[in-house]
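Engineer: Pasting in a structure now, in structure tokens, and then I'll have a few things to ask.
The values are calculated or read from the model by the stated rules, or taken from the named source; none is laboratory data. Given the structure is predicted, the values throughout are model-derived calculations rather than measurements. Quick reminder, even Gly has a Cβ in these numbers, built from the backbone with ideal geometry, and neighbours come from all protein chains shown.
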Amino acid sequence: MLPVALVAVVAVLWWLCSSWREAVSGRIAAVLPGVRAPLLLIAHPDDECMFFAPTILGLVQGQRPLSVLCCCTGNYYNQGETRKKELFRSCAALGIAPSNVTLIDHSDLPDSPTVKWDERLLSSLILNHIQEKNIDLVITFDEGGVSGHSNHISLYHAVRSLHSSGKLPEAVSKASQPANHYPARY
Ligand SMILES: [Zn+2]
């Protein structure tokens with residue numbers, strides 16, 4: 001009797017996971033028609049799977065060549081080198097090729113929950129990446145950083161600053177609306 005119950009539980013869980021992934025994928029496709037080159041902008045290795053996994057799976061399922069820009073190595077506990085490798089492995093597991101993952105290792109962008117990153121420096125690095133990769137959509141944290149982490153919140157302010165100052169390419173400005181329009185938070 002127990003094996004039958006276990007099989008039933010696994011079947012229900014599998015069905016729930018499939019339905020959830022399909023719902024996210026359909027929602028993203030509806031919200032982002034015409035997007036060719038989306039960028040996921042994160043602060044630390046592990047943000048991609050902790051906060052954005054359904055979004056990533058939806059975009060990858062929709063055959064969009066998603067790229068990832070991670071703005072520090074996640075060295076708060078002196079494990080930056082390990083976490084760098086984990087980022088690339090995690091992205092590969094989510095369907096993102098290593099060539100589409102970029103990691104910034106800059107001494108002025110430390111991994112710290114209490115450090116607000118310099119907006120000018122951060123904005124400049126993000127804009128360079130957007131222009132270099134012809135990005136037409138940026139997905140990142142909302143103004144609360146989802147978890148309240150200062151580094152996450154810094155990304156929100158940097159993108160908002162680029163948007164409000166008119167520095168973003170037109171295609172990005174059209175598609176990357178403020179936080180409430182991002183399909184990135186759940
Ligand atoms: Zn983080």
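Engineer: Would you please name the residue that is surrounded by the fewest Cβ atoms within 10 Å (Cβ to Cβ), looking only at residues in the range 80-102 that are part of a helix (DSSP H, G or I) and of a type in the set (Ser, Thr, Tyr)?
Structural biologist: SER99
Engineer: Looking at the range 124-137, can you tell me whether even one residue there is more than 12 Å from the ligand (Cβ to nearest atom), over 21 Å from PHE52 (Cβ atoms), of a type in the set (Ser, Thr, Tyr) and not in a loop (DSSP other than H, G, I, E, B)?
Structural biologist: Yes, there is a match, as at least one residue in the range 124-137 is more than 12 Å from the ligand (Cβ to nearest atom), over 21 Å from PHE52 (Cβ atoms), of a type in the set (Ser, Thr, Tyr) and not in a loop (DSSP other than H, G, I, E, B).
Engineer: Filter the range 149-160 down to the residues that are crowded, with 19+ Cβ neighbours inside 10 Å, of a type outside the set (Ser, Thr, Tyr) and away from the ligand (no atom under 11 Å from the Cβ), then identify the one that is farthest from ARG120 (Cα to Cα).
Structural biologist: Checked the range 149-160; the qualifying residue farthest from ARG120 (Cα to Cα) is VAL159.
Engineer: Please determine whether any residue of the range 58-65 is buried (at least 19 other Cβ atoms within 10 Å of the Cβ) and at pLDDT below 95.
Structural biologist: Yes.
Engineer: While we're looking at this one, here's another question. From (1) assigned to a helix (DSSP H, G or I); (2) within 16 Å of the ligand (Cβ to nearest atom); (3) at negative phi, pick out the condition that doesn't hold for VAL146.
Structural biologist: Answer for VAL146: the failing condition is (3).
Engineer: For residues that are in a loop (DSSP other than H, G, I, E, B) and crowded, with 24+ Cβ neighbours inside 10 Å, scanning just the range 32-50, find the one that is farthest from the ligand (Cβ to nearest atom).
Structural biologist: Among residues in the range 32-50 that are in a loop (DSSP other than H, G, I, E, B) and crowded, with 24+ Cβ neighbours inside 10 Å, the one farthest from the ligand (Cβ to nearest atom) is PRO45.
Engineer: Condition first: small (Gly, Ala, Ser) and away from the ligand (no atom under 16 Å from the Cβ). Now tell me which residues in the range 51-65 satisfy that.
Structural biologist: Across the range 51-65, the qualifying residues are GLY58, GLY62.
Engineer: Follow-up. Would you say ASP105 is modelled with pLDDT of 95 or more, of a type outside the set (A, V, I, L, M, F, W, C), surrounded by 18 or more Cβ atoms within 10 Å (Cβ to Cβ) and closer than 13 Å to CYS71 by Cα?
Structural biologist: No: the conditions fail for ASP105.
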